[in-house]
Structures are given as C-alpha cells and as structure tokens.
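Just so you know, all these numbers are worked out from the coordinates, no wet-lab data involved. Because the structure is a prediction, the values reported are computed rather than measured. FYI the Cβ positions are ideal-geometry reconstructions off the backbone, even for glycines, and counts take in every protein chain you see.
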Amino acid sequence: MVIENLAEQYERGRLFFDSEDYIGAARILAEVVAAAPENLAARLLLARAYYHSAQLGRAEAELRVILERDPAEGYACLLLGRTLQRQSRPKEAEPYLRLHAAMTGE
C-alpha cells in the first residue's frame, strides 16, 4: 500500500468507527497497521475498534504494543485497564487505571 492509500484507508476506517461500525473499522484499520506498524494513531484507533466490538484479546494485544512503544500514552493506559476489567481481570487492570489517573490528575 502506498502512503496516499494508507492515509485514505485510515480515514475510511475512522469513518466506519465514527458511524459505530466497529467491526468494519477494525477490518480496515488492521490492514493499515499491518502496512505501517509504527503508526500508533492507527493502532490506537484499531484497539478502540476492537474494544467496542468486544474483541478484547485483540484490543489488549494492540494496547500492550502501544504502551511498549509509548509508555506515556495515557488513553492507552485507560483503555487497557478497562479492557482487562471487561475480561474479569480487575487486579491486572488496577495499575493501568492508576497510571492513567496520575497522568490526567483524575
């Protein structure tokens, strides 16, 4: 995929996400992330699409990659904490939720 097509695909994925077609968005964004794995914005939107479509294992995997590459990504901490909570793993979720709270002052 050339860069122009990647940008178009990302925007298409965002449109699907914004219209709450999370499965469609995930399908599109997974291709973008496969072609440009360093693009953390696309990866975060993909993780959000996975989360909202209850693909929690996939959401968790994407969020862990994001936090490995950018430990200060506060929203990824929050979403990983919530993803773990939805998987009935509250003890694992706590550190991420506390980290997000510390970053945002909440």
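If Q85 passes every condition in (1) surrounded by fewer than 15 Cβ atoms within 10 Å (Cβ to Cβ); (2) more than 13 Å from the chain's Cα centre (by Cα) but one, which one does it miss?
(1)
Only one of A49, A93 is small (G, A, S), closer than 18 Å to M103 by Cβ and not in a loop (DSSP other than H, G, I, E, B). Can you tell me which?
Just one listed residue meets the conditions, A93.
Scan (1) out of contact with any Asp or Glu (no Cβ under 8 Å at 6 or more places or on another chain); (2) on the phi < 0 side of the Ramachandran plot for the single condition A54 breaks and write down its number.
(2)
I need every pair where a residue in segment 25-43 that is under 18 Å from P71 (Cβ atoms) has its Cβ under 9 Å from the Cβ of a residue that is among the hydroxyl-bearing types (S, T, Y) and assigned to a helix (DSSP H, G or I), sequence separation at least 6 or different chains.
From residues that are under 18 Å from P71 (Cβ atoms), the pairs are N39/Y10; A41/Y10.
Name the residue that is surrounded by the fewest Cβ atoms within 10 Å (Cβ to Cβ), counting only residues in segment 52-82 that are charged (D, E, K, R) and not in a loop (DSSP other than H, G, I, E, B).
Filtering first and then ranking leaves E68.
So for segment 16-23 (the condition being of a type in the set (S, T, Y), touching an Asp or Glu at 6+ places or on another chain (Cβ under 7 Å) and not in a loop (DSSP other than H, G, I, E, B)), does at least one residue qualify?
no
List pairs: first residue in segment 3-22 and farther than 16 Å from R48 by Cβ, second residue of a type outside the set (D, E) and not in a helix (DSSP H, G or I) anywhere in the structure, Cβ distance under 6 angstrom, at least six positions apart or on different chains.
Short answer, once both residue conditions are applied: L6/A36.
Cβ-Cβ distance below 7 Å, separation of 6 or more or different chains: which pairs start in segment 49-76 with a residue that is free of Cβ contacts under 8 Å to residues at least 60 places away in the same chain and end on one that is part of a loop (DSSP other than H, G, I, E, B) and buried (at least 16 other Cβ atoms within 10 Å of the Cβ)?
I66/E73; L67/E73
Report, by residue number, each residue of segment 27-42 that is closer than 15 Å to E73 by Cα and surrounded by fewer than 22 Cβ atoms within 10 Å (Cβ to Cβ).
Residues satisfying the conditions are E38, N39, L40, A41.
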